[in-house]
1. Along the Cα-to-C-beta direction of D401, a point sits 7 Å from the Cα; which residues of segment 17-46 have their amide N less than 14 Å from that point?
2. Among the listed pairs K196/K397; K292/K360; K58/K397; K252/K285; K58/K404, give every one whose C-alpha distance is greater than 31 Å.
3. Which lysines have a Cα less than 19 Å from the Cα of K195, not counting those fewer than 8 places away in the same chain?
4. In nm, to one decimal, how far is the modelled label at D149 from the one at S436, with both set 7 Å along Cα→Cβ?
5. Name the residues whose placed amide hydrogens come within less than 5 Å of the amide hydrogen of K332, ignoring near sequence neighbours (fewer than 5 apart) on the same chain.
6. Quickly estimate the mean residue ellipticity at 222 nm for the chain, helices only: each DSSP H run with n ≥ 4 gives -39500 (n - 2.57), and the total goes over all residues, rounded to 500.
7. Classify segment 206-318 as rounded, prolate or oblate, taking a ≥ b ≥ c as the square roots of the eigenvalues of its Cα gyration tensor: rounded when a/c is under 1.5, otherwise prolate if a/b is larger than b/c and oblate if not.
8. Please give the net charge around P342, taking every other residue with its beta carbon less than 12 angstrom from that of P342, where Lys and Arg add +1 and Asp and Glu add -1.
Amino acid sequence: MSARAPSKQFNLTSTDFGTGFSWGISTAAYQNEGAHNIDGKGPSIWDTFTQKKGTIYKAQNGQTACDFFHRYKADILLLKEMNIPNFRFSLAWSRLLPKGYGHISPQGVDFYNRVIDFCLECGIRPWITLYHWDLPQALEDRGGWMNRDILGWFEDYVKLCASLFGDRVTHWMVLNEPMVFTGAGYFLGVHAPGKKGLKSFLPAVHHATLCQAIGGKVVRGLVPNAEVGTTFSCSQINAFSEKSKDIRAAQKADVLLNRLFIEPALGLGYPSENLPILKRLDSFKKEGDDQKLLFDFDFIGIQNYTREVVKHSYTVPYLHAKIVPATDRPVKTTLMDWEVHPPSVYNMIAKFNAYSNIPKIIVTENGAAFSDNIRNGAVHDPERLGYLQQYLYQVHKAQQDGYKVSGYFAWTFTDNFEWAEGYFPRFGLVYTDFPSQRRIIKSSGKWYRDFLGNVP
C-alpha cells in the first residue's frame with residue numbers, strides 16, 4: 001500500500017471492528033488550551049521552558065495554541081459533526097491547583113466541568129488523561145519528578161480530579177508516555193524542564209512509575225465504575241544488522257523505549273537484565289516500593305507512530321546504541337522524519353498482548369505530520385489519509401489474529417503546539433489557521449468522519 005494516496009485496498013468499515021470497539025481522537029491541555037495565565041492558572045514547566053532561548057522552534061509557545069479554552073464549545077460541536085464518539089483530553093494540573101497543591105482554583109474547576117458537561121450534552125464520552133507533561137512550575141521548583149514528595153502531590157491531585165469529575169467521567173488515563181517526559185525532560189533536556197543526565201533521569205523514572213500505580217489506585221477507589229488505564233509510547237525496534245553487537249543494542253533500546261514502565265506495574269520489576277544501568281534505580285527504592293509499583297490496569301494505551309532501527313555505538317554512554325535516522329534509510333518518512341511503517345502498530349499490539357495480565361489494549365495515539373496547505377479553502381492531505389488507512393488495516397489485522405485490541409484514537413484533533421517542534425508539524429485531522437483560529441476539516445478528517453458515521 002502506498003502512503004502517498006488513499007489505499008485502494010482499504011475496504012474496511014468501522015463496524016468491521018465490532019460493536020465494543022472504542023473510536024476517538026486525542027489531545028493534550030498545553031498543546032491546545034491556551035489561556036496560559038487566565039483565571040488564576042499557575043505556570044507549568046512548559047510555560048517556563050518555552051521562554052528559554054533556543055528550546056523551541058522559532059521561539060514559539062503554547063500561550064494561545066488553539067485557544068480551546070475559549071473555543072471549546074465550537075470545537076466540541078465540530079467533534080460531534082465529525083462523528084467522534086470519544087474525546088480524549090488532559091487536565092492541566094496548574095489550572096486546577098495553581099501551585100500544584102493546596103489552593104484549588106474554582107475557575108479551573110468550572111472550566112473542566114463545562115467541557116465535560118458539554119461533551120456529554122453532545123453525546124461524546126470524555127476520556128481524561130491526568131498527566132500529559134505539564135507539571136506545575138511550583139512543584140518543579142521543589143524538584144519535580146526527581147523529588148519523592150511528588151508521590152503525595154500527585155496522589156492529592158488525582159484525588160481532587162476523581163472527586164470532582166468521577167460522577168460523569170468513567171474513562172481515565174493516569175500518565176501519558178512516561179518514557180518521553182522523563183527521557184526528553186530529565187535526561188536529554190530537550191523537553192521541559194530541560195534537565196539532563198542520569199542523576200535527574202533515574203529518580204524521575206522511579207517516581208513516575210510509582211505515581212502510575214498510585215494514580216490508578218486512587219481513581220479506582222473513588223470512581224467505582226471507572227475504566228482505568230495509562231498510556232505508553234512504543235516503537236517497533238529492529239537491529240541494523242545481524243551482528244551480535246547491533247542485536248544487543250536493539251535489545252537495550254527495546255528496554256528503554258518499550259519495557260521500562262509497563263513491566264514494574266505488572267510485577268516483573270525493572271527490566272535491568274538487558275540494560276544493567278537500570279540497576280541503579282534500586283538506590284531510589286524504599287521498603288515496600290516493589291509492591292507500590294503494582295497495579296492491574298483495566299486497559300493499556302499504546303501510542304505508536306513508527307519503528308526504529310538501532311545500531312551499536314561506542315559513543316553513546318550507558319546505552320551503547322543509537323537510532324539510525326529514517327532519513328538515512330531508503331524509506332518513506334513523515335515531516336517528523338519518522339518512518340511510515342504500518343506493521344509497527346501490529347507488532348506493538350502483539351508485543352503488549354504477550355503480557356499475561358493485560359485485559360485489553362487501546363491504541364490511544366496514532367497519526368502523522370505532513371505538509372498541509374490551504375487551496376481554494378480546503379486542505380487535501382492524501383498522505384495522512386493513506387497513513388491512517390494503512391495503520392488501521394494493521395490494527396484490524398491484529399484484532400482478527402486474536403489480540404486484545406479494542407480501541408483506536410487518532411492523534412490529533414486540530415493542528416496544535418507540538419512541543420519543541422512548535423507549530424511546524426501539523427498532525428491534526430482539522431487544520432488550524434493559527435492567526436485567525438479558523439478550523440478546516442482536512443480530507444483525512446472528512447474520511448474519518450465518514451468512516452465513523454456508522455459507529456453504533
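1. What the label zone holds, given the 14 Å backbone N cut-off, is no residue at all.
2. On the way: K196/K397 40 Å; K292/K360 22 Å; K58/K397 41 Å; K252/K285 22 Å; K58/K404 42 Å.
The answer is K196/K397; K58/K397; K58/K404.
3. K52, K53
4. Distance between the two pseudo-spin positions: 4.9 nm.
5. Under 5 Å from the amide H of K332 lie the amide H atoms of V340, each far enough along the sequence or on another chain.
6. My calculation for the chain gives -10000 deg cm²/dmol from helical runs alone.
7. Oblate, because a/c is 1.5 or more while a/b does not exceed b/c.
8. +2
The values are calculated or read from the model by the stated rules, or taken from the named source; none is laboratory data. Values in this document were obtained by computation on a predicted structure and should not be read as measured data. Cβ atoms come from the backbone with ideal geometry, glycine included; neighbour counts cover every protein chain shown. The accessibility values were calculated without ligands, DNA or RNA, using every heavy atom of the protein model including side chains. Shrake-Rupley method; radii C 1.70, N 1.55, O 1.52, S 1.80 Å.
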